[in-house]
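Single-structure report; data block below.
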There are 2 protein chains.
Amino acid sequence: MTHHADYSNFANTLSKKDTLELVVESYAALADGQTNWVANLANCASLVHHAYHSLSVPVNWAGFYVLDPKKDNQLILGPFMGKVACQVIPFDKGVCGTAAVTTQTQLVSDVEKFPGHIACDGETQSEIVLPILDKEGKLRGVLDVDCLALNGFNEMDQKILESLCKLIGETCEW
Amino acid sequence: MTHHADYSNFANTLSKKDTLELVVESYAALADGQTNWVANLANCASLVHHAYHSLSVPVNWAGFYVLDPKKDNQLILGPFMGKVACQVIPFDKGVCGTAAVTTQTQLVSDVEKFPGHIACDGETQSEIVLPILDKEGKLRGVLDVDCLALNGFNEMDQKILESLCKLIGETCEW
């Protein structure tokens, strides 16, 4: 018998490319017929967390910030895996805010060197934040993955996670 | 300097009662001035997960199901910590559905003995599910905590988690 939890079991013999591509495939399967953004992002955070842990990448936080329905130009915490996080992030603050304003992926090898970095967790050393746009090209949120090591992410992570974010934007009703 | 992540660091010298009561206090602090249910439940799932892990209780899933806005008498996945989970649960199915229909806490020492149990993860052996009612007494969702061991939870968990769910119901806009 298979269970939903099995989606989180990534073989640790897979390459990084294969593991991250499996995240995208698994998300596509889970979102097939389900458009609820909270449910889809919650399972997606679990996939990303477990994928990086199977690769022994020390990801300490993986999850989402979305547009705050109560305040313009502000992100608010969405589903995630990890320790308790900052609830709101203004657009002009930190890595997440920069990704939101520019709608460009922010690949940060050392968060201490990023101007205006917001530390929700002082242990984070590197980070990748990717914008999520809906079918109409409107910003809806960001995917944020944090790592306890410097240089946790590279262009391969960026490329595959960008395809994940494209799929998220297209499959959810916001 | 303190960080939001510090809320997740429970001293493993605390008693179970003190640890779970600290979850309630921490949730109250985080929800002070913040009514967004997604943000509040996401941080709450993190608090519950880290609290049980500091107590060495093998909790494998901690999170929320809420009313599905698209279908009456159905729960849909909310924020959680753990492996990928079932996206929807009809009211008449399993432990979560029973908690929703009866608006009574379900303390299940052995999930295999619960009629109609839905296994999102075949490794779960015991479970506690508590209803969340808003200020008007309307059901809004459930808190679900799963354990890899039999008899993972008792009346103390029930009592303190019920006070947590009462606070969640009162502090969130749904």
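Name every residue in region B:74-114 that is within 14 Å of another protein chain (Cβ to nearest Cβ), within 14 Å of the chain's Cα centre (by Cα) and not in a strand (DSSP E or B), in order of residue number. B:Ala85, B:Cys96, listed by residue number. Do we have B:Asp18 as more than 9 Å from every other protein chain (Cβ to nearest Cβ), free of Cβ contacts under 8 Å to residues at least 12 places away in the same chain and part of a helix (DSSP H, G or I) here? So B:Asp18 passes the test.
Residues of region B:80-129 being of a type in the set (Ser, Thr, Tyr) and farther than 18 Å from B:Asp157 by Cα, which ones? Scanning region B:80-129 gives B:Thr98, B:Thr102. In summary, A:Thr2 fulfils each of the numbered conditions (1) assigned to a helix (DSSP H, G or I); (2) among the hydroxyl-bearing types (Ser, Thr, Tyr); (3) at pLDDT below 95 with the single exception of condition (1). Screening A:Phe64 against (1) more than 15 Å from B:Lys83 (Cβ to Cβ); (2) among the aromatic types (Phe, Trp, Tyr); (3) part of a helix (DSSP H, G or I) leaves a single unmet condition, (3). Within this structure, B:Gln158 passes the test of being out of contact with any Gly (no Cβ under 9 Å at 6 or more places or on another chain) and either part of a helix (DSSP H, G or I) or at positive phi (or both).
Kindly indicate the residue of region B:1-15 that is at the interface with another protein chain (Cβ under 7 Å from one of its Cβ atoms) and buried (at least 16 other Cβ atoms within 10 Å of the Cβ) and also farthest from A:Gly82 (Cα to Cα) among those meeting that condition. Checked region B:1-15; the qualifying residue farthest from A:Gly82 (Cα to Cα) is B:His3. Inspection of region B:19-28 identifies at least one residue that is out of contact with any Cys (no Cβ under 7 Å at 6 or more places or on another chain) and surrounded by fewer than 16 Cβ atoms within 10 Å (Cβ to Cβ). Does A:Gly122 count as surrounded by fewer than 18 Cβ atoms within 10 Å (Cβ to Cβ), in a loop (DSSP other than H, G, I, E, B) and touching a Lys or Arg at 6+ places or on another chain (Cβ under 7 Å)? No: the conditions fail for A:Gly122. Selection of region A:91-114 for residues being crowded, with 16+ Cβ neighbours inside 10 Å and without any contact (Cβ under 8 Å) to a residue 40 or more places away in the chain yields A:Phe91, A:Lys93, A:Gly94, A:Gly97, A:Thr98, A:Gln106, A:Val108, A:Val111, A:Phe114.
With respect to the stated conditions, B:Leu30 fails to be at the interface with chain A (Cβ under 10 Å from one of its Cβ atoms), at pLDDT 95 or above and either under 14 Å from the mean Cα position of the chain (by Cα) or farther than 20 Å from A:Phe80 by Cα (or both). Evaluating B:Leu55 against the criteria (1) surrounded by 20 or more Cβ atoms within 10 Å (Cβ to Cβ); (2) in contact (Cβ under 8 Å) with a residue 12 or more places away in the chain; (3) of a type in the set (A, V, I, L, M, F, W, C) leaves one unmet condition, (1). Looking across region A:126-138, the residues that are surrounded by 19 or more Cβ atoms within 10 Å (Cβ to Cβ) and either of a type outside the set (Val, Ile, Thr) or more than 15 Å from the chain's Cα centre (by Cα) (or both) come down to A:Ser126, A:Glu127, A:Leu130, A:Pro131.
Please enumerate the residues belonging to region A:41-60 that are more than 18 Å from A:Tyr27 (Cα to Cα) and within 11 Å of chain B (Cβ to nearest Cβ). Listed by number, the list holds a single entry, A:Asn60.
Could you check, for region B:111-121, whether at least one of its residues is under 16 Å from A:Ser46 (Cβ atoms) and at pLDDT below 95? Among the residues of region B:111-121, at least one is under 16 Å from A:Ser46 (Cβ atoms) and at pLDDT below 95, which makes the answer yes.
Going by what's in this entry, would B:Asn12 be described as among the polar types (S, T, N, Q) and touching an Asp or Glu at 6+ places or on another chain (Cβ under 6 Å)? No; evaluated as a whole, the condition is false for this residue. Residue count for region A:139-151 under the criterion of being under 14 Å from the mean Cα position of the chain (by Cα) and under 13 Å from A:Gln106 (Cα atoms): the result is 5.
The values are calculated or read from the model by the stated rules, or taken from the named source; none is laboratory data. Bear in mind that the values here come from a model prediction, so they are computed numbers and not experimental data. Neighbour counts are summed over all protein chains in view; Cβ atoms, including those assigned to glycine, are modelled from backbone coordinates with ideal geometry.
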